[in-house]
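Some notes on the structure that comes next.
The values are calculated or read from the model by the stated rules, or taken from the named source; none is laboratory data. Because the structure is predicted, anything quoted here is derived from the model rather than measured. Using ideal geometry, Cβ is built from the backbone for each residue, glycine included, and neighbour counts are taken over all protein chains shown.
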Amino acid sequence: MRIAVASGKGGTGKTTIATSLALSLAIEVSAPLPIFVDCDVEAPNAHLFLKPHLEQSRPVGIMIPVVDDAKCTYCGKCAEVCAYHAIAVLGRKTLAFPQLCHGCGSCAIQCSEKAITEKLDPIGVIERGPSLAGIDFRRGVLNIGEPMAVPIIRELLRQVTPRPGQTVILDAPPGTSCPVVAAMRGADYLLLVTEPTPFGLHDLRLAAQVAGELGIPAGVIVNREDGDYPDLDLFCRSSGLPILMRIPFERAIAEGIAQGRPLAEIRPEYIAAFQKLFWQITDSQIRQRAQE
């Protein structure tokens, strides 16, 4: 099963939830050790809580066009086919803009003169190694200044091949943009982490909309709860989103997180709570498949 942990905005505690869920499942002796994938490639921080020993690293890039001016006839077909305006023909000069290129290869295919070849442009790395409790930890890291996170996320997930019965925990990027969709796609269940504030509710609405459009069942975890916030409960009820867990706003938890300690360590009672949460999700998936 693939469980993606997401949030409509940064700072809600998404990584706190994802890492503690993984640690709690690692303690569950009846199940294989989980795979943890940090898909927040622009600002990965799950390693601060899971303390992995990264043993493998390899670059990831996209293929960008290289124009041979000696062969180019400046016909403009390459520019016409590029949906991202990453190549342009200006008089007797063909210009390529690597930062706009999505690596689709259409320009090279359309070039009848074979004047366009492609070269690999490294944009980041993917890394892997064992972490706390034997969790198989993977992450992607986007190079500073690179604009596109999706190719790294896709390559990161392409290499995840769980064994039968092995759970994959995906720590998705925050927000609702293309990298988030890339991380969510293919997940069996979404845990949407929110906070009981107007800003948190606004972004939860957006994240829930993405979940609905992708057709992925979802539930909500309310983090840093400090008193009642009826609007949040009303939205979840009206949207059919179960609230699966509520984590209080406590100084001890905040201090522990700031020290790089996972919630399951700060409050060990949450280990059983996360294990119960996992089996709730599993049971809901079994019922859904039975109805289909």
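How many residues are over 25 Å from the mean Cα position of the chain (by Cα) and either exposed (fewer than 12 other Cβ atoms within 10 Å of the Cβ) or under 25 Å from ILE3 (Cβ atoms) (or both) if we restrict to region 230-247?
Qualifying residue count for the region: 5.
Looking for something farther than 24 Å from GLN159 by Cβ, in contact (Cβ under 8 Å) with a residue 12 or more places away in the chain and buried (at least 21 other Cβ atoms within 10 Å of the Cβ) - is there at least one such residue anywhere in region 44-65?
First, the residues of region 44-65 that are farther than 24 Å from GLN159 by Cβ: 65.
Subsequent filtering for residues that are in contact (Cβ under 8 Å) with a residue 12 or more places away in the chain retains 65.
After this cut, where a residue has to be buried (at least 21 other Cβ atoms within 10 Å of the Cβ) as well, the list is 65.
For region 44-65, residues farther than 24 Å from GLN159 by Cβ, in contact (Cβ under 8 Å) with a residue 12 or more places away in the chain and buried (at least 21 other Cβ atoms within 10 Å of the Cβ): present.
Could you identify the single residue in SER20, SER7 that is over 20 Å from ILE153 (Cα atoms) and either hydroxyl-bearing (Ser, Thr, Tyr) or buried (at least 24 other Cβ atoms within 10 Å of the Cβ) (or both)?
On the way: SER7 fails: over 20 Å from ILE153 (Cα atoms).
Selected residue: SER20, the only one of SER20, SER7 that is over 20 Å from ILE153 (Cα atoms) and either hydroxyl-bearing (Ser, Thr, Tyr) or buried (at least 24 other Cβ atoms within 10 Å of the Cβ) (or both).
Are there any strands (runs of 3 or more DSSP E) wholly within region 168-284 with 1 or more residues that are of a type in the set (Asp, Glu) and in contact (Cβ under 8 Å) with a residue 40 or more places away in the chain, and if so which? Please lay out each step first, then the result.
Working: elements: 168-171, 189-194, 218-225, 243-248.
Here the list reads 168-171.
Could you list all residues from region 109-143 that are among the small types (Gly, Ala, Ser), farther than 21 Å from LEU156 by Cα and buried (at least 18 other Cβ atoms within 10 Å of the Cβ)? Working first, answer last.
Initial filter on region 109-143 (among the small types (Gly, Ala, Ser)): 112, 115, 124, 129, 131, 133-134, 140.
Checking which are farther than 21 Å from LEU156 by Cα leaves us with 112, 115, 133.
Correct list: ALA115 only.
Is it true that ALA43 is out of contact with any strand residue (DSSP E or B) (no Cβ under 8 Å at 6 or more places or on another chain), of a type in the set (A, V, I, L, M, F, W, C) and within 23 Å of SER177 (Cα to Cα)? Break it down stepwise before answering.
Values: out of contact with any strand residue (DSSP E or B) (no Cβ under 8 Å at 6 or more places or on another chain): yes; of a type in the set (A, V, I, L, M, F, W, C): yes; within 23 Å of SER177 (Cα to Cα): yes.
The answer is yes for ALA43.
Could you grab me the full set of residues in region 66-83 that are assigned to a loop (DSSP other than H, G, I, E, B), at negative phi and surrounded by 12 or more Cβ atoms within 10 Å (Cβ to Cβ)? Before the answer, list the steps.
Quick first cut of region 66-83, residues assigned to a loop (DSSP other than H, G, I, E, B) only: 68-76, 82-83.
Still in the list and also at negative phi: 68-73, 75, 82-83.
ASP68, LYS71, CYS72, THR73, CYS75, CYS82 - these are the residues of region 66-83 that are assigned to a loop (DSSP other than H, G, I, E, B), at negative phi and surrounded by 12 or more Cβ atoms within 10 Å (Cβ to Cβ).
Can you name the residue in region 187-222 that is over 23 Å from SER24 (Cα atoms) and among the small types (Gly, Ala, Ser) and, of all such residues, is surrounded by the most Cβ atoms within 10 Å (Cβ to Cβ)?
From region 187-222, those over 23 Å from SER24 (Cα atoms) are 196-216; that's our starting set.
Adding the requirement that they be among the small types (Gly, Ala, Ser) leaves 200, 207-208, 211-212, 215.
Details: GLY200: 22, ALA207: 26, ALA208: 22, ALA211: 23, GLY212: 14, GLY215: 6.
That would be ALA207.
Looking at region 88-110, is at least one residue touching a Lys or Arg at 6+ places or on another chain (Cβ under 8 Å), assigned to a loop (DSSP other than H, G, I, E, B) and either closer than 25 Å to ALA187 by Cα or not small (Gly, Ala, Ser) (or both)?
Scanning region 88-110, I find no residue that is touching a Lys or Arg at 6+ places or on another chain (Cβ under 8 Å), assigned to a loop (DSSP other than H, G, I, E, B) and either closer than 25 Å to ALA187 by Cα or not small (Gly, Ala, Ser) (or both), so the answer is no.
In region 144-158, what residues are within 14 Å of the chain's Cα centre (by Cα) and either aliphatic (A, V, I, L, M) or surrounded by 11 or more Cβ atoms within 10 Å (Cβ to Cβ) (or both)?
In the first step, residues of region 144-158 are kept if they are within 14 Å of the chain's Cα centre (by Cα); the result is 148-158.
Answer for region 144-158, where residues must be within 14 Å of the chain's Cα centre (by Cα) and either aliphatic (A, V, I, L, M) or surrounded by 11 or more Cβ atoms within 10 Å (Cβ to Cβ) (or both): MET148, ALA149, VAL150, PRO151, ILE152, ILE153, ARG154, GLU155, LEU156, LEU157.
For THR15, indicate whether it is surrounded by 15 or more Cβ atoms within 10 Å (Cβ to Cβ) and polar (S, T, N, Q). Spell out how you get there, then give the answer.
Details: surrounded by 15 or more Cβ atoms within 10 Å (Cβ to Cβ): yes; polar (S, T, N, Q): yes.
Spelling it out, THR15 is indeed surrounded by 15 or more Cβ atoms within 10 Å (Cβ to Cβ) and polar (S, T, N, Q).
Output the number of residues of region 96-129 satisfying the condition of being at negative phi and over 33 Å from the mean Cα position of the chain (by Cα).
Final tally of qualifying residues: 6.
Can ARG163 be described as under 25 Å from MET1 (Cβ atoms) and assigned to a strand (DSSP E or B)? Even if it seems obvious, please write down each step before you answer.
Working: under 25 Å from MET1 (Cβ atoms): yes; assigned to a strand (DSSP E or B): no.
Spelling it out, it is not the case that ARG163 is under 25 Å from MET1 (Cβ atoms) and assigned to a strand (DSSP E or B).
May I ask you to list the residues in region 3-55 that are over 17 Å from ALA207 (Cβ atoms) and part of a strand (DSSP E or B)? So that I can check it myself, show each step before the final result.
Residues of region 3-55 that are over 17 Å from ALA207 (Cβ atoms), as a first pass: 19-38, 41-55.
Hits for region 3-55 are ILE35, PHE36, VAL37, ASP38.
Show the residue pairs that are 6+ apart or on different chains and have beta-carbon atoms under 7 Å apart, the first residue being within region 125-153 and assigned by TED's automatic domain parsing to the domain that holds LEU23 and within 16 Å of LEU23 (Cβ to Cβ), the second being among the β-branched types (Val, Ile, Thr) and assigned to a helix (DSSP H, G or I).
Listed by first residue and then by second, the contacts come to ALA133/ILE27.
Where residues in region 44-69 are at pLDDT 95 or above and among the small types (Gly, Ala, Ser), which of them is farthest from GLY186 (Cα to Cα)?
Per the stated criteria, the residue is SER57.
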